[in-house]
Amino acid sequence: MNKENREAVRQHQKTGSMSYVSYFSKLKKDKYNNHDPSPIEFFKDTHTNSKTDSMS
């Protein structure tokens, strides 16, 4: 069952074990100078490879 679920995931996150809420707070503080990133920016930050700019 878990193997099937993992295979069904289309877009993998890159936050590791950190939750989206924690990652959002970290990005807001470190990258966006305490301003909320747009939903599109947040998606790019959590789903793209920083070295290649490709979707994971």
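Computed from the coordinates by the stated procedures, all read-outs in this text should not be read as laboratory data. Quantities reported herein were computed from a predicted structural model and do not represent experimental measurements. Here the Cβ positions follow ideal geometry from the backbone for every residue, glycine too, while neighbour counts run over all protein chains shown.
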Of all residues in the stretch 47-56, which are surrounded by 10 or more Cβ atoms within 10 Å (Cβ to Cβ) and assigned to a loop (DSSP other than H, G, I, E, B)? ASN49, SER56
Extreme residue, nearest to SER54 (Cα to Cα), among residues of the stretch 4-38 that are hydrophobic (A, V, I, L, M, F, W, C) and not in a helix (DSSP H, G or I): VAL9
Out of the stretch 28-46, which residues are of a type in the set (Val, Ile, Thr) and surrounded by 10 or more Cβ atoms within 10 Å (Cβ to Cβ)? THR46
Restricting to the stretch 26-56, and then to whatever is acidic (Asp, Glu) and at negative phi, can you tell me which residue is nearest to the chain's Cα centre (by Cα)? ASP45
